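> Structure provided below as structure tokens; questions to follow.
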């Protein structure tokens, strides 16, 4: 069995989706499939472009570093600021919005590491192809499914 070299931030990669930035530090390949770890940057007053969704087979753990991001989980808004952590359990419908005047930086851990850089690369491609309009819903739904997510049915709470 080939041994991987152990180093800091072995999967360092930054992916942009519109105004959002995702900076990967660790992926499934670095953690025996256990965790993906990335920094998530959301500009001030930015709302999630994608629909509310649920993670079918993994938890999403968020840790606030800078600014406050409001996550709506199962219809309940939860503000996550510096030094605060939130676990979004499998199956919980969620989305986020930055209602504040500060940019947000959060650390995200996906466990197990079902979602990784490929999801964000694919989503960026489809969103970029829409040239500012809504992305192709069928393509987005397929991307979500391939990476362990389901788009939530529309609800007044989301």
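> Give me P(r) over the chain, computed from all C-alpha to C-alpha distances, binned every 5 Å, as integer percentages.
Per 5 Å bin, starting at zero, the Cα-Cα P(r) for the chain comes out as 2, 9, 17, 22, 24, 16, 6, 3, 1, 0, 0 percent.
> Under 19 Å from a label point 7 Å along Cα→Cβ of residue 66: give me every residue in the stretch 85-128 with its amide N that close.
Residues 85, 97-109 fall inside that zone.
> Gain in length, residue 102 to residue 118, computed as 0.36 nm per residue apart minus the alpha-carbon separation, to one decimal in nm? Before the final figure, lay out the partial values.
On the way: separation 16, 0.36 × 16 = 5.76 nm, distance 2.83 nm.
That pair, residue 102 and residue 118, stretches by 2.9 nm at full extension.
> Ok, one more. Given the convex hull over the Cα atoms of the stretch 46-105, what projected area results after averaging over all orientations, in nm²?
Details: hull surface 15.0 nm².
Computing the convex hull of the Cα atoms and averaging its projections yields 3.8 nm².
> Another question about this same structure. By average Cβ neighbour count within 10 Å, what is the ranking of 128-136, 34-42, 142-150 from highest down?
34-42, 142-150, 128-136
> Let me ask something else about it. Taking 8 Å as the Cα distance limit and 6 or more residues as the minimum spacing, I'd like the relative contact order of the stretch 24-158 as a percentage.
Numbers: 302 pairs, mean separation 43.5, N = 135.
That works out to 32 percent.
> Across all directions of projection, what mean area in square nanometres is found for the Cα convex hull of the stretch 80-158?
Details: hull surface 26.8 nm².
With every direction weighted equally, the projected area is 6.7 nm².
We did not get these values from a lab; they are worked out from the coordinates using the rules stated. What you see is a predicted model; the values in this text were computed from it and never measured. As a convention, Cβ positions derive from the backbone with ideal geometry for all residues, glycine included, and neighbour counts pool all protein chains shown.
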